[in-house]
Ligand SMILES: [Zn+2]
């Protein structure tokens, strides 16, 4: 973490970068004035209302790309992007999730810190609904993930006939200091087989209460990458096997794709897809994806938006990835079984 940067970098002020071809962020006064659903009745210590500027994306996700997306040229030795108001983001997440029929739980982590989770069951009568899991914000210097969760709720395009679980921010103490790690320096995404951090212990305890998922999707950013890419865990070749390529194709309409053959030390297919080994012994420090793979889902996507591109581009990339992945999982659920 670069202290000097933190002291000089402006907080995210709701104004999109001028180079962005997409819709701008703006502050929504109506949200500031609206009563908060948690203000009445039992107010958890984690649901304190912060009336700092609320982040807003455009109401629609369809970008109107008018030219190539420009790099910011900002991240030369680490992430030097926006610091978002995570408290305000999570306030808006709560409001939108409640509006969209999700039930919310706040899992106590430490004094004054909770993990927010949201769950919405499939609409009544759905036969064998898919169970889909989405998480974001495990690294506090990757703001696009929590913002993408908000955008997904605003669009109200998450599948109603699926069981959905969302964790919009797994590292709420890292965001205020714009740090990948917790304030104690723990990289949560390397702690899932150790459980050193209370956030991880809290998260896995909650996950253990839940059923297995058909698909898990984890939202990340990479400050070094030249474009969007993803990791796929699907050793059983569950259908649709083309889903990784479909995600890349959809995201490519709004964001550059990383085409390097080696990404972060791992072999890529040259089109933004990495299939890392799934042997738990291959990783001494488990990321969230490995824990989920071992205990809750054999199909996982970890998607990485490129931090050196405008924030709204990264948000749109992640939103596209979620839509495509979830639609693919839903498609698999409705496909006729193969003939005997
Ligand atoms: Zn990350």
It is to be established whether one or more residues within the range 157-173 are part of a loop (DSSP other than H, G, I, E, B) and farther than 20 Å from residue 322 by Cβ. yes
Does residue 107 count as at pLDDT 95 or above, assigned to a strand (DSSP E or B) and either over 15 Å from the mean Cα position of the chain (by Cα) or away from the ligand (no atom under 14 Å from the Cβ) (or both)? yes
Could you please tell me which pairs satisfy a Cβ distance under 7 Å, a separation of 6+ or placement on different chains, a first residue in the range 94-120 that is on the phi > 0 side of the Ramachandran plot, and a second residue that is in a strand (DSSP E or B)? 101/120
Could you grab me the full set of residues in the range 140-156 that are touching a helix residue (DSSP H, G or I) at 6+ places or on another chain (Cβ under 6 Å), over 15 Å from residue 309 (Cβ atoms) and either within 13 Å of the ligand (Cβ to nearest atom) or not in a helix (DSSP H, G or I) (or both)? 140, 146
Residues that are touching a helix residue (DSSP H, G or I) at 6+ places or on another chain (Cβ under 8 Å) and not in a loop (DSSP other than H, G, I, E, B), drawn from the range 270-292: 273, 280, 288, 290, 291, 292
When residues of the range 235-269 are filtered for being part of a loop (DSSP other than H, G, I, E, B) and crowded, with 18+ Cβ neighbours inside 10 Å, how many remain? 4
Going residue by residue through the range 219-233, is there one that turns out to be modelled with pLDDT of 95 or more, over 23 Å from residue 308 (Cβ atoms) and out of contact with any helix residue (DSSP H, G or I) (no Cβ under 7 Å at 6 or more places or on another chain)? no
Can you confirm whether residue 195 is at positive phi, at pLDDT 95 or above, within 16 Å of the ligand (Cβ to nearest atom) and part of a loop (DSSP other than H, G, I, E, B)? no
In this structure, does residue 170 turn out to be touching a residue at least 12 places away in the same chain (Cβ under 8 Å) and either within 12 Å of the ligand (Cβ to nearest atom) or buried (at least 21 other Cβ atoms within 10 Å of the Cβ) (or both)? yes
Which one is surrounded by the fewest Cβ atoms within 10 Å (Cβ to Cβ) among residues in the range 177-190 that are closer than 13 Å to residue 203 by Cβ and within 13 Å of the ligand (Cβ to nearest atom)? 189
In the range 214-233, which residues are within 17 Å of residue 78 (Cα to Cα), surrounded by fewer than 24 Cβ atoms within 10 Å (Cβ to Cβ) and within 12 Å of the ligand (Cβ to nearest atom)? 222, 223, 224, 225
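From the list 307, 282, pick out the single residue that is over 16 Å from residue 243 (Cβ atoms) and in contact with a strand residue (DSSP E or B) (Cβ under 8 Å, 6 or more places away or on another chain).
307
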Does at least one position in the range 310-321 carry a residue that is under 27 Å from residue 154 (Cα atoms), in contact (Cβ under 8 Å) with a residue 12 or more places away in the chain and not in a helix (DSSP H, G or I)? yes
Test for residue 302: is it outside any helix (DSSP H, G or I) and more than 20 Å from the chain's Cα centre (by Cα): no
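Residues are listed down the side, and each one gets a yes or a no for (1) within 22 Å of the chain's Cα centre (by Cα); (2) under 30 Å from residue 183 (Cα atoms); (3) surrounded by fewer than 18 Cβ atoms within 10 Å (Cβ to Cβ); (4) modelled with pLDDT of 95 or more:
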{"residue": "54", "(1), (2), (3), (4)": "yes, yes, no, no"}
{"residue": "58", "(1), (2), (3), (4)": "yes, no, no, no"}
{"residue": "64", "(1), (2), (3), (4)": "no, no, yes, no"}
{"residue": "71", "(1), (2), (3), (4)": "yes, yes, yes, no"}
{"residue": "83", "(1), (2), (3), (4)": "yes, yes, no, no"}
{"residue": "134", "(1), (2), (3), (4)": "yes, yes, no, yes"}
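The values are calculated or read from the model by the stated rules, or taken from the named source; none is laboratory data. If you're wondering where the values come from, they're calculated on a predicted model, not measured in any experiment. Note that each Cβ is placed from the backbone with ideal geometry, even for glycine, and that neighbours are counted across all protein chains shown.
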